[in-house]
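Structure first, commentary second.
The values are calculated or read from the model by the stated rules, or taken from the named source; none is laboratory data. Since the model is a prediction, treat every value here as computed from it, not as a measurement. Cβ coordinates were reconstructed from backbone atoms using ideal geometry, including for glycine residues, and neighbour counts include every protein chain displayed. The accessibility values were calculated without ligands, DNA or RNA, using every heavy atom of the protein model including side chains. Shrake-Rupley method; radii C 1.70, N 1.55, O 1.52, S 1.80 Å.
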Amino acid sequence: KGKAVGVRVIDAHTHAAREYFASVIFINAACLNSNLLLLNSTSHRFPEGLGNDSGLLGKYICFHNYRGSISAAFDGPMDRYYYGRRPTQPMMPNFRNVKRQETDFLRGYMTFFGAHRARAQAPEQETLGAGFKNAITEAGAWGVSMMMQGETIPKVTNHVRLSKDQKDAWGIPQLVVSVDYDENDEKSLKDFLEQGAAMLEKAGCTHIQTYDSKQAPGLDIHEMGGVRMGRDPKTSLLNGWNQLHHCPNVFVTDGASMASTGTQNPSLTFMALSARAARHAGEELKKGNL
């Protein structure tokens, strides 16, 4: 009937398989694991993964670029300190290429800020208690930090696929992740370091230091894509309601469904997509369409 009938789960301890059946299935395993589930869900109808007529399942993976950070000294009030919870960390929305293309790279980055006082050296003989707390809160100089959250551009070469010879402890093929930064990411990083340093200098900070961690993708958060939404089944996996084009009772509403990253934190967007899709699924069930 062109529908999925249920899910098969494997007990983590006994390795026994059990099947559950449902009229509607939502996949929200987090981006990479949702791709893994669909790639492993093969059949005569879908030999390359559930809903994968386009051959694009697992492709166009994107993520956020966190490689850039900046630190500086700040002439703050030496008689003041923050006790208890730290002040809320401010975030500056993206200001690059917002209304027009103005740089030699696409999209942009948002910026996180933080301020702190260097921790004083606690007495060696004290490791806990009020004396220790008071010692480490008698802090030193103020510092300021900045960190980028850059948008990476989805591209077909950034992808995940199933390993042909490696399986996990439950006999499931492991996921091979093949993603990397490109020239656009390098230019965005360079711009953040230059603009951020200029902002801190203008604000009166000193001893400004810029850093490129050069860390590999995957050491961060906010992976997206691989089961992307779109109007055309030839170039996407999901329709506008997060349903698989070719298996409409399966919904994917986590980061895997995203067609692009943006510069913002995406979790609330995933939640909104899930609520919207769940309401649509309920309405379609009542109409007998699922």
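This table checks each residue for (1) assigned to a helix (DSSP H, G or I); (2) in contact with a Gly (Cβ under 9 Å, 6 or more places away or on another chain); (3) without any contact (Cβ under 8 Å) to a residue 60 or more places away in the chain; (4) open to solvent by less than 50 Å² (accessible area, probe 1.4 Å).
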position	(1), (2), (3), (4)
VAL7	no, no, yes, no
ALA12	no, no, no, no
SER23	no, no, no, no
PHE26	no, no, no, no
ALA29	no, no, no, yes
LEU39	yes, yes, no, yes
ARG45	no, yes, yes, no
LEU57	no, yes, no, yes
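Does at least one position in the stretch 265-274 carry a residue that is in a helix (DSSP H, G or I), within 19 Å of ILE153 (Cβ to Cβ) and small (Gly, Ala, Ser)? Explain how you work it out, then say what you get.
First, pick out the residues of the stretch 265-274 that are in a helix (DSSP H, G or I): 267-274.
Subset that is within 19 Å of ILE153 (Cβ to Cβ): 269.
Now narrow it down to the ones that are small (Gly, Ala, Ser): none.
No: zero hits.
Look at the stretch 276-290: where a residue is without any contact (Cβ under 8 Å) to a residue 40 or more places away in the chain and under 15 Å from ASN239 (Cβ atoms) and a partner is open to solvent by less than 60 Å² (accessible area, probe 1.4 Å) and assigned to a loop (DSSP other than H, G, I, E, B), sitting 6+ places away or on another chain with Cβ atoms under 7 Å, you get GLU284/LEU290.
When the residues of the stretch 222-235 are narrowed to those that are in a loop (DSSP other than H, G, I, E, B) and touching a residue at least 12 places away in the same chain (Cβ under 8 Å), which ends up nearest to GLY49 (Cα to Cα)? Write out each step before concluding.
Taking the stretch 222-235 as the starting set, the residues that turn out to be in a loop (DSSP other than H, G, I, E, B) are 222-223, 227-228, 230-235.
Within this subset, residues satisfying the condition of being touching a residue at least 12 places away in the same chain (Cβ under 8 Å) are 222-223, 227-228, 230, 233-235.
Numbers: HIS222: 23, GLU223: 20, VAL227: 11, ARG228: 14, GLY230: 18, PRO233: 15, LYS234: 15, THR235: 15 Å.
Among those that are in a loop (DSSP other than H, G, I, E, B) and touching a residue at least 12 places away in the same chain (Cβ under 8 Å), it is VAL227.
When you check PRO248 against the structure, is it under 24 Å from THR42 (Cβ atoms) and not in a loop (DSSP other than H, G, I, E, B), yes or no? Taking the combined requirement at face value, the residue satisfies it.
Which of the residues spanning the stretch 264-287 are touching a Pro at 6+ places or on another chain (Cβ under 9 Å) and either under 20 Å from LEU244 (Cβ atoms) or at pLDDT 95 or above (or both)? Before you say what the answer is, go through the steps one by one.
Here is the first cut: in the stretch 264-287, the residues touching a Pro at 6+ places or on another chain (Cβ under 9 Å) are 264, 284.
Selection gives GLU284 alone.
Residues in the stretch 59-83 that are in a loop (DSSP other than H, G, I, E, B), open to solvent by 30 Å² or more (accessible area, probe 1.4 Å) and not hydroxyl-bearing (Ser, Thr, Tyr): ASP75, PRO77, MET78, ASP79, ARG80.
Kindly state which strands (runs of 3 or more DSSP E) lie completely within the stretch 157-221 and contain at least 3 residues that are at negative phi, crowded, with 17+ Cβ neighbours inside 10 Å and of a type in the set (Gly, Ala, Ser). Walk me through how you get there before you give the answer.
Numbers: elements: 159-167, 173-178, 206-212.
Per the criteria, no element qualifies.
For the stretch 111-128, a tally of residues being at pLDDT 75 or above and either touching a His at 6+ places or on another chain (Cβ under 9 Å) or assigned to a loop (DSSP other than H, G, I, E, B) (or both) returns 2. Between SER267, SER274, the distinction of being more than 19 Å from LEU38 (Cβ to Cβ) and among the hydroxyl-bearing types (Ser, Thr, Tyr) belongs to SER267 only.
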